[in-house]
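Only one structure is covered here, and it is reproduced in the block below.
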Amino acid sequence: MQHLLTVCKDAVAKLCTLFGVAMLAFSPLFAGPPDSLLHFEVDYARFRINDNVAQLEIYISVPRSRLQFVAEGEDLLASFESQVIIAIADSDVVDHKWVEHTVAADSAEIKPTQILCTQANFQVPVNTYDVNVRVTDPRTKHFGVRSFQVNIAPFAKDRLVLSDLEIASRIARDTTVSRFYKNNHLVIPNPSRMYGANLPMLFTYAEIYNLSYPSDSSYSVAYRILDG
């Protein structure tokens, strides 16, 4: 396991709005859904913007082979549309859609173990939200829907605070600004949280807030991995 803890003295996070899709490979551990449905995985993490506002990051992954590829010049092209609706009671706070594309040289390149990842980031104040995520293949009209509730609580100012853990498939030093950029690192999420022969390394990303910096200070980080 590899992990990255980022010390955020000012607790200022950046809202990424650029497009980008990452492709992973893993050993599938689930049975396929009915043909009319588009299977996808979703996860989320919360990071501090200020005491009463968090950056809510929604992570989505789609099996590449479940998308319909069509000829586009000499290549094959597929795409999927993601929609995130964040609501309080019956009032929508966010309704955001975006489309990701993937290109293959030929059909032999498209394998069941390939996973496409994307994410969207939202700054939301303290409250409890209903989140609805819909992913659609615009060519076949197949889609999947996942719903869950997210609580954004105030961040304490008088003690150490840890953000959510983002479970990732890859973390690397990279200053290129993209959808997956965090504090000079590329952090590719793994919404399925599944690992195997093709994805053997578990990465985690987290941020620690309210650290002080006297010359004689030191901190230790302990973590455990439990077999669920």
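Since every read-out is calculated from the coordinates, none of them should be taken as a lab result. Worth saying up front: this structure is predicted, and the values here are computed from it rather than measured. Backbone-built Cβ (ideal geometry, glycine too); neighbour counts: all protein chains shown.
Simple spin-label estimate for Asn184 and Tyr223 gives 1.9 nm between the two label positions (7 Å along the Cα-to-Cβ direction from each Cα). For the pair the stretch 187-228 / the stretch 79-97, the C-alpha centres are spaced 29 Å from each other.
For the pair Val150 and Glu81, the difference between a 0.36 nm per residue extended length and the Cα-Cα distance amounts to 22.6 nm. Cα-based values for the stretch 91-214, radius of gyration first and Dmax second, are 17.9, 59 Å.
Can you check how the C-alpha radius of gyration of the stretch 67-140 compares to 2.2 N^0.38 Å, as a plain ratio?
Ratio of Cα Rg to 2.2 N^0.38 Å: 1.44.
For the stretch 130-166, the residues whose backbone nitrogen is under 18 Å from a point 7 Å from the Cα of Lys97, taken along Cα to Cβ, are 132-146.
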